[in-house]
Amino acid sequence: MFNSLSDRLTATFKNLRGKGRLTEADVDATVREIRRALLDADVAVPVVREFTGQVRERALGAEVSGALNPSQQIVKIVNEELVEILGGETRRIRKAKTGPTIIMLAGLQGAGKTTLAGKLAKWLKGQGHSPILVACDLQRPNAVTQLQVVGQRAGVPVFAPHPGATSELEHPAGDPVAVARAGVEEARQKLHDVVIVDTAGRLGVDADMMEQARQIRRAIVPNEVLFVIDAMIGQDAVNTAMAFDEGVNFTGVVLSKLDGDARGGAALSVASVTGKPVMFASTGEGVDDFEMFHPDRMASRILDMGDVLTLIEQAEKSWDKDEAARMAKKFADQEDFTLDDFLAQMQQIRNMGSMKKMLMMMPGAQNIRQQLEQFDEREIDRVEAIVRSMTPHERLAPKIINGSRRARIARGSGVHVSEVNGLLERFGQAQKMMKKMAQGGGMPGMPGMPG
Ligand code: GDP
């Protein structure tokens, strides 16, 4: 996500390290570098101009702080300005005061609307809401089926038109505005508190499509109209966003495909150009590859200051409390840490999602990005296979695992004996660490991460 922009900016700041004070020439040189980095990342020209102007003015201004050295000061300013262009404060979904909250999705075909509909629904469901999806994309032959698949994955119902229908309310086939209206009515009757309406997109901005979207908006009066934009589309993002803003007057932006290696700058410009905040980020094809967009945290990530808060949230979301309580009790009772516990911890880590994505949120991750990119997620599968090839007795008392047992375990799990050895070694270290923590009364951590 924004890797090259991130690299360029952090390299710029490195040049300033060690300087006692910044001359006007230093500031100008730095601002020039920042400008180039932003332009190369596809950030829109007016946004770049505004951004660098602010940074220059503030860097030269009176903000001299005793606590920060000049390079830190520039990072602080750039960080604050980045937060600003990303929309300032985190914006949450506006809920309806009465009746269901209506969220309409708009954007070009392929932007990721349908995928997002599922992600959003699942996320809202996880917060105790009962969303329903409404399929208003009647343009693309497969769109309705696709939404049904997405709904199934998210575990939420989908309201879709019936083909070959006659009466408007029951069978509003063919007319997206009627489907939207009927979908909202369905939500009211079945007491869903959120309706997510997926609309049709075209490959380019098109007057008919925009008119249709406008009519849907008028018919259902949504609480939010989210404009979904593919972060990979480059400079066109800004023009597309402006066309949609004029057409449907959206209330928030969703950046999709942020997992790709797109330069992403154009997408970053959308909030600034339209004055509408980025509310969500879509980061993959899976139904959980989705996060709320926090401008401050994203700025930190771009400047390689890490995003520890998102990391913690992801961990909390997937942390199995019963399992954690079980471990805590084991500790209190000073019981031995076994290979079964080791496996359980691995699985907890895996539940947190892609290891790579998680690690990339750590401060300083950019420095070890290459290693992280080579990180093999299947390592955890191998650990699991190895432990599962052991007998229950071996898992409880790994000391008995001698050479011939190792060979058997390796065969059973389809790995080389050296991998079994490596795992047992790591487990031994983890066990020692756990023992130390138990004696010292500390909390169990997460030992044994594949290395
Ligand atoms: P729509 O036409 O706007 O409804 O777009 P879709 O939801 O059908 O998405 C178009 C394609 O992009 C599909 O192949 C999706 O799997 C893919 N896609 C959507 N969101 C993401 C994302 O965040 N990351 C990646 N890598 N692919 C995505």
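The alpha-carbon atoms of the chain define a convex hull whose volume equals 189 cubic angstrom per residue.
At most 11 other Cβ atoms within 10 Å plus a DSSP loop assignment makes a site exposed; report the longest stretch of the chain without any exposed trypsin sites (Lys or Arg not before Pro). Longest run free of exposed loop sites: 98-451.
When the listed pairs LYS95/LYS119; LYS14/LYS257; LYS321/LYS432; LYS190/LYS321 are checked against a 21 Å cut-off, the alpha-carbon distance exceeds it for LYS14/LYS257; LYS321/LYS432; LYS190/LYS321. Assuming 1.567 mPa s and 4 °C, estimate D for the stretch 101-305 with Stokes-Einstein, Rh taken as the Kirkwood radius over Cα pairs, in µm²/s. This corresponds to a translational diffusion coefficient of 77 µm²/s. Shape of the stretch 21-142 from the C-alpha gyration tensor: prolate (a/c of 1.5 or more and a/b above b/c, with a ≥ b ≥ c the square roots of its eigenvalues). For LYS122, a cut-off of 12 angstrom between C-alpha atoms picks up these aspartates and glutamates, skipping any fewer than 8 places away in its own chain: ASP288, ASP289, GLU291. Neighbour counts of other Cβ atoms within 10 Å put ILE74, ILE196, ILE401 in the fewest-to-most order ILE401, ILE74, ILE196. Charge tally for VAL383 (other residues, Cβ to Cβ under 14 Å; Lys, Arg +1; Asp, Glu -1): -3. Within the stretch 386-429, the ratio Rg/Rh, alpha carbon atoms throughout and Rh by Kirkwood, equals 0.90.
In this structure, the amide hydrogen of LEU138, modeled 1.01 Å from its nitrogen in the peptide plane, lies closer than 5 angstrom to those of ALA200, counting only residues at least 5 positions away or on a different chain. For VAL278, the residues 5 or more places off, or on other chains, whose built amide H falls under 5 Å of its own are VAL253.
Rule-based calculations on the coordinates, nothing more; no lab input. Just so it is clear, the structure is predicted and the values come from calculations on it, not from any experiment. In this analysis, Cβ positions are derived from the backbone assuming ideal geometry, glycine residues included, and neighbour counts consider all displayed protein chains.
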